[in-house]
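The values are calculated or read from the model by the stated rules, or taken from the named source; none is laboratory data. Remember, it's a predicted structure, so these values are computed and weren't measured experimentally. Cβ atoms come from the backbone with ideal geometry, glycine included; neighbour counts cover every protein chain shown.
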């Protein structure tokens, strides 16, 4: 059995598509051997496994968090995290991002009092998020077409089954950025980071992901300024509550021909 074991367990329509692809030679995944127990038999097989790596993240000389992430697009990860966690309001406030062997260093424009306030809000969950003001709307067909691209572009997922995908699309469903990562939160940070570094305004876009829509994920979208967040997966109760509180549209179980709009239905037309 070859390295296409994961796709062979998925719907048949993707098998030939997978075989026509060139392997990704980056550090996204590695090949390992395991024992496959198939029926009554055992066989040694080679499979592709997603790589997870640890990176310490320091901002203005302070350790903020440690990412467990796919070891690529780390500058985008840092920029997206700073925006999605409320450390900056725009990329103009990021002075520098430096990448080292196992840590990422950033300097940002923020006074000490504000910096400590954001860190405190992170640890206590006491932050009051600003309401979403964007009046932009999204057509159901465009949401479906964009959601389909999560699978089309999720090359590492097709090889390993071990990644999440996130992307940013405009109100016409055009994909502006895409990212895969072993962490659903890091996949969001990377997709957002790519967008803001390109000068894309989240207020005119939707954030789509394969991950569950928890309060953490909704808060990231709200801080970045997205009016709509959508997922192929389920929402969680606190994610729904927070989306409703800030006036964000939350769409989940978006799988043709159906989707469910839990909050902000006026933006989905």
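Tabulated results
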{"quantity": "Output for region 225-242, where each listed residue is closer than 22 Å to residue 87 by Cβ and crowded, with 24+ Cβ neighbours inside 10 Å", "calculated": "226, 227, 229, 239"}
{"quantity": "Given (1) without any contact (Cβ under 8 Å) to a residue 40 or more places away in the chain; (2) in contact with a strand residue (DSSP E or B) (Cβ under 6 Å, 6 or more places away or on another chain); (3) surrounded by 13 or more Cβ atoms within 10 Å (Cβ to Cβ), index of the condition residue 165 fails", "calculated": "(1)"}
{"quantity": "Residue within region 41-59 that is farther than 28 Å from residue 107 by Cβ, assigned to a strand (DSSP E or B), out of contact with any strand residue (DSSP E or B) (no Cβ under 7 Å at 6 or more places or on another chain) and at pLDDT below 90 present", "calculated": "yes"}
{"quantity": "Residue count for region 206-220, restricted to those that are without any contact (Cβ under 8 Å) to a residue 60 or more places away in the chain and in contact with a helix residue (DSSP H, G or I) (Cβ under 7 Å, 6 or more places away or on another chain)", "calculated": "9"}
{"quantity": "Test: residue 208 is at negative phi, outside any loop (DSSP other than H, G, I, E, B) and under 14 Å from the mean Cα position of the chain (by Cα)", "calculated": "yes"}
{"quantity": "Output for region 60-70, where each listed residue is out of contact with any helix residue (DSSP H, G or I) (no Cβ under 9 Å at 6 or more places or on another chain) and part of a strand (DSSP E or B)", "calculated": "63, 66"}
